[in-house]
1. Taking the alpha-carbon centroid of each part, what is the distance from the stretch A:55-130 to the stretch A:1-46 in angstrom?
2. Ignoring solvent entirely, what values of log10 I(q)/I(0) come out of the Debye formula for the stretch A:1-156 at 0.11, 0.13 Å⁻¹ when each Cα is a single scatterer?
3. If contacts are Cα pairs under 8 angstrom and at least 6 residues apart, what is the relative contact order of chain A in percent?
4. Please determine, in degrees from 0 to 90 and to the nearest 10, the orientation of helix B:160-177 with respect to the longest principal axis defined by the Cα atoms of chain B, where the helix direction is its Cα long axis.
5. Students often get this wrong, so check it: of B:Lys32/B:Lys65; A:Lys360/B:Lys32; A:Lys71/A:Lys193; B:Lys113/B:Lys135; A:Lys2/A:Lys99, which have C-alpha atoms separated by over 18 Å?
6. Compute the Rg/Rh shape ratio of the protein assembly as shown: radius of gyration over Kirkwood radius, all on alpha-carbon atoms.
7. Viscosity 1.306 mPa s, temperature 10 °C: what is the translational diffusion coefficient of the stretch A:21-72 from Stokes-Einstein with a Kirkwood Rh over Cα pairs, rounded to a whole number of µm²/s?
8. Using 28 Å as the Cα-Cα cut-off, could you pick out the over-long pairs in A:Lys178/B:Lys73; B:Lys9/B:Lys66; A:Lys191/B:Lys39?
Amino acid sequence: MKSLTIVLLKIFANGFFRVHAGILLFIFLAMVGVVPPQYLIGYHKALMLAMDSSSVVMILVFISWFIYAVKSWHYVSGQIFAPSQHFLFYSSNALNKGKQIISWFWVQAAILSPVILYALIAVGVGFSNQYYLFPVCILLYLIALTYLSAVIYTKQINGLVDGNDQSILLKLSSKWRKPYFSLYVYHLLDKRKVPYLITKALSWLIITGVFYVFADVKTDVRVAGIAILAVITAHIVLIFEERKFEENGLCFSRNLPYSRPQLFLNFIGVYFILLIPESIWLFSRFNLLMAIELLFVGLSTVMLFHCLLYWFGLNMDKYLQWILGLFIVLFWIIMFKLLWILIPLNLSLAYLLFYNNYYKFEGEVSDKL
Amino acid sequence: MLQFQNFTKSYGNYPALKIENLNLETGIYWIKGINGSGKSTLLKSIAGILAFDGDIMLEERISIKKQPVAYRKLVNFAEAEPVFPDFLTGSEMIALFIAAKSAPARQEEQYIKSMGMQSFIDRRVGTYSSGMMKKLSLLLAFLGKPKLILLDEPLITIDMASLATLNSWIRERYEQEGTGFLLSSHQILEDGSLPVSGELLVEDQTLKFIS
């Protein structure tokens, strides 16, 4: 049993954190950065006491934890049916159900560990302030949520693989031609709908948030520029996914006679399609010239973020550090209203990285998920 | 046909393959070697998929490094264990390769027919068995007008009847269009069904002629 737990933890819990490192970091920073540092502890203590004493707050918190759990179900279910995990279907389910459920219970506990850690502190705070009922509810809720997840996973792994799932969008597009540059878009429609929708929701939140905060200067091109920069930064999960798909699913394409300028334009096309919702917003809100300028700022930045990955490979930790650094640099360039300089600068840097590294594939994919 | 110039492929500090100067005349060659000797690494490097130091020239004038596009138009490759995006159908993969490799119209039809692929060619590759996948990848390697076709482990996973068909494809392209072939295998069918020009061995991190 122990060995199964270790294997499952390595595949699913580690995988979950690797894939969601960006969004979890974002949530963590949002929770820490929401108030000035000197009020941080007081703020969270108040929040925890509210959870321990108010049923409304507790239920709201339960709902947000539930959303987190649903996200993890989605990830784990997707991974269970990935080809590299097929061996589980003829190994793990030879153990009795109870043992399997215990293993999966630990996996889900590991995935929920940020939530559990926060909840345990909240329970401690509650007990020390003579609140007992709601803290016990919190504990029971988390145990039940983890157990339910374990049951869902165990059911999936003991069922039979159907092998005939296909997204409705792909069925509809079965008659269309699929040129090379469109493949990633189809891949998103087929397998990555949730990350795409989450990214778009994040985009919307960022745009609304930035314009809410800067309501007094909302016609300033710098505000819009910063909103676009933040929107593109929210796309890093999709950019990383794109490179991963290119390495794992389209490895044969390095043998195809496409020139590097052609491929570079091809990727601009891919990101233009992914940014259509944002483009609609840009063109409906700003005058034509400004909208074009902002769209190109977005596309050039997304290309820079994309081409970085050719340079150092699929390394999420390194990638996040670079994105953070570049975000700060680009932020200041925008603050100085140098948007028109940013476009050729980003594009030439991106092209340089792409041109010099595209064929330097060493045959080792570091993040093979 | 193919010229290696100070070819070195290393993984980190580990030198995987080193071929100083070697010239292969047009022909059909078997590349032998035990598991892990570097056959796939060699073929993937020649195909332009893996990076390496030095250069490889096709017909003494087209360098993989200096004319990457022209080179790739003339060198086709079928992987040992092919992976394609599973939402695409066999026909869509073929259309993609026909466009990329500028293949003559309807070139694929005879291949689909002779390999008996009509029944599954319009299905998503995600539903293919490993044998079906292998047949598709072999077919893709014959599209266009390549001067050199690289087939990594062409004998594995396909049935005997399909093997005979594959042999006839190879013979036909070699005799009619002078296309060269590099075929890798750790076990070789030496039944004389192919006009083999020579055998090469990947051993001690290099490539040697053995016959």
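Bear in mind these aren't lab numbers, they're just calculated from the coordinates by the rules spelled out. For clarity, every value in this text was computed on a predicted model and none was experimentally measured. When we count neighbours, we look across all protein chains shown, and the Cβ atoms used for this are built from the backbone with ideal geometry, even at glycine.
1. About 13 Å separates the Cα centre of the stretch A:55-130 from the one of the stretch A:1-46.
2. One equal scatterer on each Cα of the stretch A:1-156 leads to -0.50, -0.67.
3. Averaging sequence separation for qualifying contacts and normalising by length gives 16 percent for chain A.
4. 70
5. B:Lys32/B:Lys65; A:Lys360/B:Lys32
6. Taking Rg over the Kirkwood Rh, I get 1.02.
7. 129
8. A:Lys191/B:Lys39
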